[in-house]
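Comments concern the structure below.
The values are calculated or read from the model by the stated rules, or taken from the named source; none is laboratory data. Owing to the predicted nature of the structure, the values given are computational and were not obtained by experimental measurement. Positions of Cβ are generated from backbone atoms using ideal geometry, with glycine treated the same way; all protein chains shown enter the neighbour counts.
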Amino acid sequence: MKLSKNKLVLGTAQLGMKYGLNNTAGQPTEKEAFSILDAALESDITIFDTAYAYGTAEDVLGKWIKERSLAGRIGIISKMKPHVINDYSDGTMASEMVRTEIEKSLTRLHLNSLDGYLFHSPHYIYLKHMIEGMQKAKDSGLVKHIGVSIYDEAEALQAAELGVDYIQVPYNVFDTRLDRTNFFEIAKKNKVTVFARSPFLQGLLLMQSNKLPKHLTHLGSHLQQFIDIISQYQLSPVEAALYFADNMCQADYIVFGVETRKQLEEDIRIMNSPNSISNNDWMNKAKVAFQHMNRGAINPSLWSKIKL
């Protein structure tokens, strides 16, 4: 069992802000960020995921692209500012709104076009005028592929039926909801490229069960069960999270993030090392154990809203 390097996409949220539940390093300096990006490129990772909402991530990535003369040599996927409609006056045409937002990202990234541009507000997938605005931007050459980053099954199914180019979905040991739908089949039929994000569930899966913050202590028993399962197979949480995402998810790509170059190098080492486990027993055990996780437990956007 070996991860496919050509399936890997480096997420850049950690390069633009302190991101992740288990982030103890904070936002890296520009020098550290460039070192991470260089190491990723040297490891044949050539697609990078970013967003307006990721602090200074677009700026950092853009400066790196400019200094390394990488425009046209790597693929950049960015996402529209969440709830961006609220920033524009009533009557603003969707095509103008979308074009303006894409051009802002292109300026920060020092690019003339993007490989992909996604709605970061998943409910926009239901707004016909916004879909048409994205299509016009694609037709103009500002972006090669359009799509959406989703949280819930209904949004994923809607996007797959529409046949957008890219859909980004959550998928990890605790979150296999889409496997209980026909999402992947519809996406494949409509030639939609699927990106699976959050293999580490914002770092939750890499933590010790007794070290969770107060508002997530109710997840301690689930996390300990995960640790107990993988310990039987001599797997670390990082190994297990990456192997699970690669082998159990039907997505075309896996989006993962790191805070340090050391973390990236560890992930790359895991990716390049065949797993000694010759069967999927532990993965099947984990999938069955966590297939009915509460929505509030698997959607990070809801974590702070949980009342204990």
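See the values below:
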{"item": "Answer from 187, 196 - the residue that is more than 15 Å from the chain's Cα centre (by Cα), more than 16 Å from residue 19 (Cβ to Cβ) and crowded, with 24+ Cβ neighbours inside 10 Å", "result": "187"}
{"item": "Residue within segment 110-125 that is over 26 Å from residue 200 (Cβ atoms) and in contact with a Ser or Thr (Cβ under 9 Å, 6 or more places away or on another chain) present", "result": "yes"}
{"item": "Unique match (being closer than 29 Å to residue 206 by Cα and assigned to a loop (DSSP other than H, G, I, E, B)) among 53, 40", "result": "53"}
{"item": "Candidate set: segment 1-37, residues that are closer than 14 Å to residue 258 by Cα, assigned to a loop (DSSP other than H, G, I, E, B) and of a type in the set (Gly, Ala, Ser); chosen: the one modelled with the lowest pLDDT", "result": "20"}
{"item": "Yes/no for residue 244 being more than 16 Å from the chain's Cα centre (by Cα) and among the aromatic types (Phe, Trp, Tyr)", "result": "no"}
{"item": "Residue 191 over 19 Å from residue 48 (Cβ atoms), touching a Ser or Thr at 6+ places or on another chain (Cβ under 9 Å) and modelled with pLDDT of 95 or more", "result": "no"}
{"item": "Count - residues of segment 143-178 that are more than 17 Å from the chain's Cα centre (by Cα), touching a residue at least 12 places away in the same chain (Cβ under 8 Å) and surrounded by fewer than 21 Cβ atoms within 10 Å (Cβ to Cβ)", "result": "6"}
{"item": "Scan of segment 72-108 for residues that are assigned to a loop (DSSP other than H, G, I, E, B) and either without any contact (Cβ under 8 Å) to a residue 12 or more places away in the chain or over 22 Å from the mean Cα position of the chain (by Cα) (or both), ordered by number", "result": "72, 88, 89, 90, 91, 92, 93"}
{"item": "Residue tally, condition in contact with a Gly (Cβ under 8 Å, 6 or more places away or on another chain) and modelled with pLDDT of 95 or more, over segment 62-95", "result": "4"}
